[in-house]
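Below: the structure, in C-alpha cells.
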Amino acid sequence: GIWSTPPIRVGKKVLHELMKTYLPKLAAGGEAYLVVQKHLGADSFQKWLAQEFQDLEVSRHDNQKTFRVIRGF
C-alpha cells in the first residue's frame with residue numbers, strides 16, 4: 001500500500017500528474033492513504049480522485065479538525 005502526504009502546494013497540474021503516475025500502480029487489493037490538510041483543499045482533492053480513478057473506491061478514512069485521511073482501494 002501507499003501512505004503519503006501529497007505535495008499539495010506544487011499546484012494542481014503537477015499534483016494530478018503525480019497521482020496519475022503512482023495510483024494506477026497499486027497492486028490488486030492494494031490501498032493508498034493520503035493525508036491532506038483540510039484548508040489546502042482536501043475535500044476537492046478527494047472529489048477529483050473519485051472522478052479520475054473510478055475503478056478505485058475513494059472514501060474519507062479519517063476526519064480530524066485540520067486534516068483528512070483519504071483512502072483509495
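Values in this text are rule-based calculations from the coordinates and carry no lab data. The model shown is predicted, which means the values in this text are computed figures rather than measured ones. Don't worry about glycine lacking a Cβ; one is built from the backbone with ideal geometry, like all the others, and counts go over all protein chains shown.
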Sorted largest first, the Cα spans of the stretch 2-72 on the principal axes come out in Å as 32, 25, 20
Checking the chain for trypsin sites (Lys or Arg not before Pro) in a loop per DSSP with at most 16 other beta-carbon atoms within 10 Å yields Lys65
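Pairs Lys25/Lys65; Lys13/Lys47; Lys12/Lys47: which are spaced more than 25 Å apart, C-alpha to C-alpha?
Check vs 25 Å cut-off fails for Lys25/Lys65.
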Relative contact order in percent for the stretch 2-72 (Cα pairs under 8 Å, 6+ apart) equals 33
Extension length gain for Asn63 and Ala50 (0.36 nm per residue less Cα distance), in nm, is 3.0 nm
